[in-house]
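Engineer: The structure under discussion is supplied below as structure tokens; questions concerning it will follow.
The values are calculated or read from the model by the stated rules, or taken from the named source; none is laboratory data. Since this is a predicted model, take the numbers as computed values, not measurements. For neighbour counting, all protein chains shown are included, and Cβ atoms are generated from backbone atoms with ideal geometry for every residue, glycine included. Surface areas here come from the heavy atoms of the whole protein model, side chains and all, with no ligands, DNA or RNA. Shrake-Rupley method; radii C 1.70, N 1.55, O 1.52, S 1.80 Å.
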Amino acid sequence: MINAIIFDFGDIFINLDKPATISGLQKLGMKEWNDEFDQLNLSFEVGAISPEDFVGGFQKQLPNASKEDILRAWNAVLADFPFYRLEFLQELSKKYRLFLLSNTDSIHINTFEEKSGVSFYKDFYACFEKVYFSFDIGMRKPDPKIYQFVLDQNNLVAANTLFVDDKTENTDSAAALGIKVWNLQVGKEDVVDLFDKGLL
């Protein structure tokens, strides 16, 4: 019987517009997303480098871009957060232990909080027993250690825990630990369809 649910954040609650960031960076001179950009992103997501080093790394490859230009392009990925999803989460929190587990960075989270406003993001975070951001804990999905960390920290039983994420590699990694999973198909499913999936 499921008594705890771990949720991803991006494209589960907040909608993402990934092409907008790529398009924004291309306008600043990026020809393609290369290994150096990838490494910068991975390092930033686990808190290994500062926001200044992250932006500076982009400026080395995009010498004509200002810090503001880069931040604007980087944050373009963050789209809307439909209010009905927050309402659904608030109802769900009355019946289940809820956790948030997101691969994200400090720039994106600060921007989300600024855009959504204090009242909204506090109501959102209040739905969860604990919020885990990769940049805070130095680990990222799909590393099995991150799921085990959440289980151990909160005395969760894998078989009684559901993990909801839109990336197959993340749900596969969690499932290998015995966690029940829903690999949500973005654009075809919505988190509020949870009870229709027969997973609880």
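Engineer: Please list, ordered by residue number, the helices (runs of 4 or more DSSP H) wholly in segment 17-63 having 2 or more residues that are of a type outside the set (D, E, K, R) and touching a Ser or Thr at 6+ places or on another chain (Cβ under 6 Å).
Structural biologist: none
Engineer: Hey, among the residues in segment 158-178 that are open to solvent by 10 Å² or more (accessible area, probe 1.4 Å) and in contact (Cβ under 8 Å) with a residue 24 or more places away in the chain, which one's farthest from T104 (Cα to Cα)?
Structural biologist: Among them, the one singled out is N160.
Engineer: A further question follows. Among the residues of segment 9-23, is there at least one that is more than 16 Å from N103 (Cβ to Cβ), surrounded by 20 or more Cβ atoms within 10 Å (Cβ to Cβ) and either hydrophobic (A, V, I, L, M, F, W, C) or more than 13 Å from the chain's Cα centre (by Cα) (or both)?
Structural biologist: No, because not a single residue in segment 9-23 is more than 16 Å from N103 (Cβ to Cβ), surrounded by 20 or more Cβ atoms within 10 Å (Cβ to Cβ) and either hydrophobic (A, V, I, L, M, F, W, C) or more than 13 Å from the chain's Cα centre (by Cα) (or both).
Engineer: Then there's this: Test of understanding: among I14, I2, I6, which residue is closer than 22 Å to A174 by Cα, of a type outside the set (F, W, Y) and in contact with an Asp or Glu (Cβ under 8 Å, 6 or more places away or on another chain)?
Structural biologist: When all the criteria are applied, what remains is I14.
Engineer: Which residues, taken from segment 162-187, are among the acidic types (D, E) and not in a strand (DSSP E or B)?
Structural biologist: Within segment 162-187, D166, E169, D172 qualify.
Engineer: From the list V131, V118, which one is of a type in the set (V, I, T), open to solvent by 50 Å² or more (accessible area, probe 1.4 Å) and modelled with pLDDT of 95 or more?
Structural biologist: None of the others qualify; the one that does is V118.
Engineer: Every residue in segment 188-200 that is in a loop (DSSP other than H, G, I, E, B), open to solvent by 50 Å² or more (accessible area, probe 1.4 Å) and among the charged types (D, E, K, R), please.
Structural biologist: The answer is K188, and nothing else.
Engineer: If you take the residues in segment 72-106 that are within 18 Å of N15 (Cα to Cα) and acidic (D, E), which one is surrounded by the most Cβ atoms within 10 Å (Cβ to Cβ)?
Structural biologist: D105
Engineer: Here is a follow-up. Here are G178, G138, G198: which of them is on the phi > 0 side of the Ramachandran plot and at pLDDT below 95?
Structural biologist: G198
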